[in-house]
Amino acid sequence: MAISNVTICNLALQKLGQSRIVALDDDNSNARHCNVCFEPLRDRELRAAAWNFALKRASLAASATEPAFFFSYAYPLPVDCLRVNMPTRLGLDWKIEQHEGVPAILTNDGGALEIRYIATVTDPAQFDTIFVEMLACKIAWHLCEVITQSNTKKQALNAEYMDLKKEAKRLNAFEKTPASEPLD
């Protein structure tokens, strides 16, 4: 079965003992609740960890406009960037701020800037399977109060979410190459 946004929401609704939906824009309360919270919770969970399936690389070009003060260059971030990992160039002094209305890396180092970042992944078929279950659990937790009015169920969902998150991070870490040891 292909994973979709609706599939993830139906997993969440199943955890709450609710009926399934056909689409996020269905004319029923379950679909409306899922439609409101799906994207913000998905992006929050993507941003929360360095998920391998969401990791991207980009070579950024400097903006033509110099920042107002302290820095000489501004590198606008990709539009799908949720979180930046440290630029690969060692010794780089930088910070992220708004520049010309968009988030940008400000620095005094010129030339192309290579970054790794966590991207917004809108195709759920790219999600790791345990991330799917973790996200469904987070959505169920978020909707629990409005749908079931059960604090006991909400606490149980939070415990399940925390267990799934720990397992997802553990499995994600196994797929990374170990960091090299620091030099003396």
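The values are calculated or read from the model by the stated rules, or taken from the named source; none is laboratory data. Computed from a prediction, not measured in an experiment: that's the story for all the values here. Neighbour counts are summed over all protein chains in view; Cβ atoms, including those assigned to glycine, are modelled from backbone coordinates with ideal geometry. The accessibility values were calculated without ligands, DNA or RNA, using every heavy atom of the protein model including side chains. Shrake-Rupley method; radii C 1.70, N 1.55, O 1.52, S 1.80 Å.
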Acute angle (nearest 10 degrees) that the helix 151-174 long axis makes with the longest principal axis of the chain, alpha-carbon atoms: 40 degrees
Cα centre as origin, Lys/Arg/Asp/Glu Cβ charges: segment 117-162 dipole, Debye: 200 debye
Relative contact order of segment 1-156, defined on C-alpha pairs under 8 angstrom at six or more residues apart (%): 29 percent
Sorted largest first, extent of segment 110-169 alpha carbons per principal axis (Å): 55, 23, 23
Overall form of segment 1-65 per C-alpha gyration tensor (a/c, 1.5; a/b vs b/c): prolate
Between 0 and 90°, nearest 10: helix 29-48 axis offset from the chain longest Cα axis: 30 degrees
Convex hull of Cα atoms in segment 92-144, direction-averaged projection (nm²): 6.4 nm²
Label of the coordinate-derived value, percent of Cα pairs over 20 Å apart, listed as (1) 52; (2) 62; (3) 57: (2)
Heavy atoms of TYR73: accessible area, 1.4 Å probe, square angstrom to 10: 80 Å²
Violating pairs (Cα-Cα greater than 23 angstrom) within the set LYS95/LYS169; LYS56/LYS169; LYS95/LYS138; LYS15/LYS56: LYS95/LYS169; LYS95/LYS138; LYS15/LYS56
Free-standing Cys residues across the chain, given no other cysteine C-beta under 4.7 angstrom: CYS37, CYS81, CYS137, CYS144
For segment 130-144, Karplus couplings with θ = phi - 60° (6.51, -1.76, 1.60), whole Hz, Gly/Pro x: 6, 5, 4, 5, 4, 5, 4, 5, 5, 5, 4, 4, 5, 8, 4
